[in-house]
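Asker: Dropping the structure in here first, questions after.
The values are calculated or read from the model by the stated rules, or taken from the named source; none is laboratory data. As the structure is a computational prediction, the values presented were derived from the model and not from experiment. With ideal geometry, Cβ positions are generated from the backbone for all residues, glycine too; neighbour counts draw on all protein chains shown.
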Amino acid sequence: MTVLSQPGSEIRQKAHWSDRLAYAALAVVGLVLIAFLAFPLFAILSQSFQGKNGEPVGLANFIAYARTPDLLQSLWNSVWVAAMVTAIVVPLTFTFAYAITRSCMRFKGLFRGITLIPLLAPSLLSAISLIYWFGNQGALKSWMPALGLDGIYGAQGIVIAECFALFPHTLMILVTALTLADARLYEAADAMGTTAARKFFTITLPGAKYGLISAALVTFTLVVTDFGIPKVVGGNFNMLATDVFKLVIGQQDFSKGAVVAILLLAPAVFTFGIDFLIQRKQTAMLGARAVPYRPSPSRGFDAAMTAYCVLIALLMLAMLGMAIFASFASFWPYNLTPSFKHYVYGLVENEVGEGFINSIKMAAGTAVFGTALVFGSAYLLEKTRGMAPLRAFVRLMAMLPMAVPGLVLGLGYIFFFNLPDNPLNGLYHTLTLLTLCTIVHFYTTGHLTAITALKALDPEFEAVSASLKVPFFKTFWRVTLPICTPALVDIARYFFINAMTTISAVVFLYSPETKVASIAILNMDEAGELGPAAAMAVLILGISSVATVLFMLLGKWVDKRTQAWRTTTR
């Protein structure tokens, strides 16, 4: 009896040890988010209760701002513009994702690569291109009345530019949501003579419900918190994010800027609540006995999807093409002779060359460490159990960055990491801090992508492993990670490209030794130098394009090594 019971007790000890390891790993994730997200935001909160000289003033800043006549107007502007962009972008991206995943059309990789263009350059590129197309001296200014617009500056310009800039953000989530599907459901529907429309509404949409809601939340919060596009084409149309920028940059009023920043955190609470409710009802779409779905050719449907993707691709290329053309134009619109004038000005006179090297270093670090942190934490949240309070806290912290404008996060880093008594003070003005700030800034989209991929996997994998007394990390390494490697590549690509293009999150954190290339665009736009700004954006786009190609090659290699199970033999 003693001999037989001993192995069982050892197995129980190993299982308990693996559970404690999961708790410890989740606690480490929580500590990282506390140090690099919660504490900087708390520093912003503290600043909102202080006067200009640091003296405590209680709620005086909130009361003073609430009495500002433009407050409610800015709040309303932010909400309805975000709702409008969400209502436009989510259906457009869902249709595109559906064409990519559920049709047999050709050139899927090409179309998806084109839609990544808004990610390859700073968000200001879409606004700058829009000005060159429809601005006061735009190439198609005369088209504005026919389009029913009285000008590109204001709400209409913000909506158009945001739709372009946010398309790839929502597309990444929806492609992931539509990729994993059980073919047996569709085979059963076909056997019962179910129409294509009914299959769409009873199988496809319910299966992609979580992804659709996540995409809508991402779009809404990104619009509310973006300040770059409203700053360039917003004109006199104020939004909460631009109010922060004006108060902090224009008036140097950090206390009132902190007040508006706190108002911008409200979407995070709303997002967390919706996400929590949906998760309780979400069911897995890919079980242990599932059959991967493979679309069947349909000439009419494939042609319609191809036509739609061509239209979207042409619009994307039009925005890109105008930015490239304007970057080479000697003096828009009077002298359109091609020249490298704007590139020389940016690289030589503004010394942006060194900034490009720093940008690449920061982007590489963000891709590697950001992907590991995001996917590891998502796995711990979704595929392990216990420590409910800690899980709720980590989940909230993971959703919070989406509602925090990069400018506000950067200010929080200044207030927190620049304190002499802070043991992390040594990180200030280093590329390491810029990398960590960028990871936190773009954490939520990667987190939602990882969660969407993990939710598609049946909990039966972990249940079987637990019954066999297999530690969770072995299941993660041998089962979960290989299945989810395409999502990992997408997350890494998302982190790298956004790190190359980010402006607001690092604008206050760089030093002369750690300056990054994207900051030059904001400085040039501030000086009214749209040509050089477009040129630097195109250079960043070129580097990001090369990185995208490399990630695509990596994705193909990963598919061959880990996704062979998707190939069915007949």
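Asker: Tell me which of these residue 393 doesn't satisfy, since it passes every other one: (1) under 21 Å from residue 258 (Cβ atoms); (2) in contact with a helix residue (DSSP H, G or I) (Cβ under 8 Å, 6 or more places away or on another chain); (3) of a type outside the set (A, V, I, L, M).
Answerer: Answer for residue 393: the failing condition is (1).
Asker: So how many residues does the stretch 450-475 have that are within 23 Å of residue 219 (Cβ to Cβ) and either modelled with pLDDT of 85 or more or in a helix (DSSP H, G or I) (or both)? Working first, answer last.
Answerer: From the stretch 450-475, those within 23 Å of residue 219 (Cβ to Cβ) are 450-456; that's our starting set.
Pick out the ones that are also either modelled with pLDDT of 85 or more or in a helix (DSSP H, G or I) (or both) and you get 450-455.
The qualifying residues number 6.
Asker: Also, I was wondering about something else. For the stretch 62-77, does any single residue satisfy the condition of being under 23 Å from the mean Cα position of the chain (by Cα), under 27 Å from residue 164 (Cα atoms) and free of Cβ contacts under 8 Å to residues at least 12 places away in the same chain?
Answerer: no
Asker: Find the residue count for the stretch 193-230, including only residues that are in a helix (DSSP H, G or I) and under 19 Å from residue 76 (Cβ atoms). Steps first, answer last, please.
Answerer: Taking the stretch 193-230 and keeping what is in a helix (DSSP H, G or I), we get 196-207, 209-225, 228-230.
After this cut, where a residue has to be under 19 Å from residue 76 (Cβ atoms) as well, the list is 219-225, 229-230.
So the answer is 9.
Asker: Further question on the same structure: Take the residues in the stretch 142-158 that are without any contact (Cβ under 8 Å) to a residue 60 or more places away in the chain and not in a loop (DSSP other than H, G, I, E, B); name whichever of them is surrounded by the fewest Cβ atoms within 10 Å (Cβ to Cβ).
Answerer: Checking each candidate, the answer is 142.
Asker: Still on this structure, I have one more. Just to verify a result, which residue in the stretch 373-427, among those that are among the small types (Gly, Ala, Ser) and more than 16 Å from the chain's Cα centre (by Cα), is surrounded by the most Cβ atoms within 10 Å (Cβ to Cβ)? Let's see the steps before the verdict.
Answerer: Taking the stretch 373-427 and keeping what is among the small types (Gly, Ala, Ser), we get 376-378, 386, 388, 392, 398, 403, 406, 410, 412, 426.
Filter once more, keeping what is more than 16 Å from the chain's Cα centre (by Cα): 376-377, 386, 388, 392, 410, 412, 426.
Working: 376: 16, 377: 26, 386: 11, 388: 8, 392: 13, 410: 25, 412: 28, 426: 11.
If we take residues in the stretch 373-427 being among the small types (Gly, Ala, Ser) and more than 16 Å from the chain's Cα centre (by Cα), then 412 is surrounded by the most Cβ atoms within 10 Å (Cβ to Cβ).
Asker: Let me ask something else. Checking the structure you have, find out if any residue of the stretch 95-106 is out of contact with any Leu (no Cβ under 8 Å at 6 or more places or on another chain), part of a helix (DSSP H, G or I) and either more than 30 Å from residue 306 (Cβ to Cβ) or of a type in the set (S, T, N, Q) (or both).
Answerer: yes
Asker: In the list 128, 152, 100, 88, which residue meets the criterion of being within 23 Å of residue 323 (Cα to Cα), among the aliphatic types (A, V, I, L, M) and under 25 Å from the mean Cα position of the chain (by Cα)?
Answerer: Step by step, each of 128, 152, 100, 88 is checked, and only 128 is within 23 Å of residue 323 (Cα to Cα), among the aliphatic types (A, V, I, L, M) and under 25 Å from the mean Cα position of the chain (by Cα).
Asker: With the checklist (1) at pLDDT 75 or above; (2) farther than 26 Å from residue 86 by Cα; (3) surrounded by fewer than 19 Cβ atoms within 10 Å (Cβ to Cβ) in hand, flag the one item residue 256 doesn't pass.
Answerer: (3)
Asker: Within the stretch 369-377, identify whether any single residue is assigned to a helix (DSSP H, G or I) and within 30 Å of residue 103 (Cα to Cα), and answer yes or no.
Answerer: Looking only at the stretch 369-377, we keep the residues that are assigned to a helix (DSSP H, G or I), and these are 369-377.
Cutting the leftovers down to within 30 Å of residue 103 (Cα to Cα) gives us 371, 375.
Scanning the stretch 369-377 turns up at least one residue that is assigned to a helix (DSSP H, G or I) and within 30 Å of residue 103 (Cα to Cα).
Asker: Quick one: residue 446 ticks every box in (1) in a helix (DSSP H, G or I); (2) under 21 Å from residue 258 (Cα atoms); (3) of a type outside the set (Asp, Glu) except a single one, so which number is it?
Answerer: (2)
Asker: Are there any pairs, at least 6 apart or on different chains, whose C-beta atoms fall under 7 Å, with the first in the stretch 346-365 and on the phi < 0 side of the Ramachandran plot and assigned to a helix (DSSP H, G or I) and the second modelled with pLDDT under 80 and small (Gly, Ala, Ser), and if so, which?
Answerer: Correct list of pairs: 346/520; 347/353; 355/520.
Asker: Under 6 Å by Cβ, and 6 or more places apart or on different chains, what pairs join a residue from the stretch 523-537 that is over 17 Å from residue 504 (Cα atoms) with one that is polar (S, T, N, Q) and modelled with pLDDT of 85 or more?
Answerer: The qualifying pairs are 534/327; 535/327.
Asker: Could you please find all residues in the stretch 515-535 being at negative phi, part of a loop (DSSP other than H, G, I, E, B) and at pLDDT below 85?
Answerer: Step one: filter the stretch 515-535 for residues at negative phi, giving 515-527, 529-535.
Still in the running and part of a loop (DSSP other than H, G, I, E, B): 515-516, 527, 529.
Correct list: 515, 527, 529.
Asker: Any residue in the stretch 79-92 that's within 13 Å of residue 230 (Cβ to Cβ) and part of a helix (DSSP H, G or I): show its pairings with residues that are charged (D, E, K, R) and at pLDDT below 95 at Cβ separation under 9 Å, as long as the two are six or more apart or on different chains.
Answerer: Within 9 Å, the pairs are 81/162; 82/162; 85/162.
Asker: When the residues of the stretch 439-449 are narrowed to those that are modelled with pLDDT of 85 or more and of a type in the set (A, V, I, L, M), which ends up farthest from residue 488 (Cα to Cα)?
Answerer: Out of the qualifying residues, it is 440.
Asker: If the requirement is being in contact with a strand residue (DSSP E or B) (Cβ under 8 Å, 6 or more places away or on another chain), surrounded by 12 or more Cβ atoms within 10 Å (Cβ to Cβ), in contact (Cβ under 8 Å) with a residue 12 or more places away in the chain and of a type in the set (Gly, Ala, Ser), which of these qualifies: 329, 323? Please lay out each step first, then the result.
Answerer: Numbers: 323 fails: in contact with a strand residue (DSSP E or B) (Cβ under 8 Å, 6 or more places away or on another chain).
Selected residue: 329, the only one of 329, 323 that is in contact with a strand residue (DSSP E or B) (Cβ under 8 Å, 6 or more places away or on another chain), surrounded by 12 or more Cβ atoms within 10 Å (Cβ to Cβ), in contact (Cβ under 8 Å) with a residue 12 or more places away in the chain and of a type in the set (Gly, Ala, Ser).
Asker: Condition check: in a helix (DSSP H, G or I), surrounded by fewer than 19 Cβ atoms within 10 Å (Cβ to Cβ) and under 22 Å from the mean Cα position of the chain (by Cα). Does residue 546 satisfy that? Full working, then the answer.
Answerer: Numbers: in a helix (DSSP H, G or I): yes; surrounded by fewer than 19 Cβ atoms within 10 Å (Cβ to Cβ): yes; under 22 Å from the mean Cα position of the chain (by Cα): yes.
So residue 546 fits the description; yes.
Asker: While we're here: If you go through the stretch 134-141 one residue at a time, do you hit one that is crowded, with 21+ Cβ neighbours inside 10 Å, in a helix (DSSP H, G or I) and of a type outside the set (Gly, Ala, Ser)?
Answerer: Within the stretch 134-141, one or more residues are crowded, with 21+ Cβ neighbours inside 10 Å, in a helix (DSSP H, G or I) and of a type outside the set (Gly, Ala, Ser).
Asker: Further question: Please verify whether residue 224 is buried (at least 20 other Cβ atoms within 10 Å of the Cβ), more than 30 Å from residue 295 (Cβ to Cβ), in contact (Cβ under 8 Å) with a residue 60 or more places away in the chain and of a type outside the set (Phe, Trp, Tyr), treating the condition exactly as stated.
Answerer: When the stated conditions are applied, residue 224 passes them.
Okay, residues lined up against (1) under 13 Å from residue 126 (Cβ atoms); (2) among the β-branched types (Val, Ile, Thr):
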position: 152; (1), (2): yes, yes
position: 155; (1), (2): no, no
position: 158; (1), (2): yes, yes
position: 167; (1), (2): yes, no
position: 170; (1), (2): no, yes
position: 176; (1), (2): no, yes
position: 179; (1), (2): no, yes
position: 190; (1), (2): no, no
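Asker: Out of the residues in the stretch 231-241 that are in contact with a Phe, Trp or Tyr (Cβ under 7 Å, 6 or more places away or on another chain) and buried (at least 24 other Cβ atoms within 10 Å of the Cβ), state the one that is modelled with the lowest pLDDT.
Answerer: Per the criteria, the residue is 241.
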